[in-house]
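Shown next, in structure tokens, is the structure this report addresses.
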Amino acid sequence: MKKHVLLFALLFPAVLMQAQLQQIIHQSFALDEMNEINLDLYGEYEIEMWPGSEILTETKIKLTNAKNSILKYLIENKRYAVKLDTIDERIVTLLSSDQERRAIKTSKGTCVEEISIRIFMPDFFEKKTEKNWVRSKPLVTKED
């Protein structure tokens with residue numbers, strides 16, 4: 001009996017760990033001569049300043065009650081992808097590819113999805129509003 005209890009105690013944490021899938025996606029975006037960045041991201045995110053010249057994103061995905069093949073499918077179909085869209089000559093928007101994020105249903109029921117996004121913003125940008133960042137010293141062209 002003691003052997004069965006010991007075996008159960010050793011295997012139970014492994015079963016729990018398999019129930020949650022986790023993946024981290026990193027993306028980088030060159031800003032070139034952009035003066036303004038608008039944010040249009042699904043869900044909550046946090047911004048950290050860094051000394052680089054590109055925007056970096058780190059998307060952490062945790063799925064509970066789903067198989068690895070489902071997570072792989074969702075990533076391949078850009079559910080968690082972030083893209084950079086040019087709005088004007090010097091203005092871009094950083095946005096989520098999938099703005100809808102419908103519930104994920106499996107044979108085991110509805111999947112619980114936890115997503116957190118960290119944005120590493122170049123330190124030469126300043127916060128104008130929560131969703132709008134501007135270059136502290138705007139670049140000008142010869143035409144300006």
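What the table below lists for this structure:
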quantity	calculated
Two-site FRET efficiency, residue 101 against residue 134, from Cβ-Cβ distance with R₀ of 30 Å, rounded to 0.05	0.55
Spacing of the two label points (7 Å from each Cα toward its C-beta) at residue 25 and residue 48, in nm	2.0 nm
Peptides ranked, highest mean first, by Cβ atoms within 10 Å: ranges 58-68, 22-32	58-68, 22-32
19 Å Cα-Cα threshold exceeded, pairs from 83/131; 67/108; 60/108; 83/128; 60/128	60/108; 83/128; 60/128
Segments 88-99, 129-140 sorted - mean Cβ within 10 Å per residue, highest first	88-99, 129-140
Accessible area expressed per residue, the range 96-139, with surrounding protein chains retained (probe 1.4 Å, Å²)	64 Å²
Accessible-area composition of the range 52-123, carbon plus sulfur, in percent [1.4 Å probe]	46 percent
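The values are calculated or read from the model by the stated rules, or taken from the named source; none is laboratory data. Worth saying up front: this structure is predicted, and the values here are computed from it rather than measured. Cβ coordinates were reconstructed from backbone atoms using ideal geometry, including for glycine residues, and neighbour counts include every protein chain displayed. Just the protein is used for accessible areas: all its heavy atoms, side chains included, with ligands, DNA and RNA removed. Shrake-Rupley method; radii C 1.70, N 1.55, O 1.52, S 1.80 Å.
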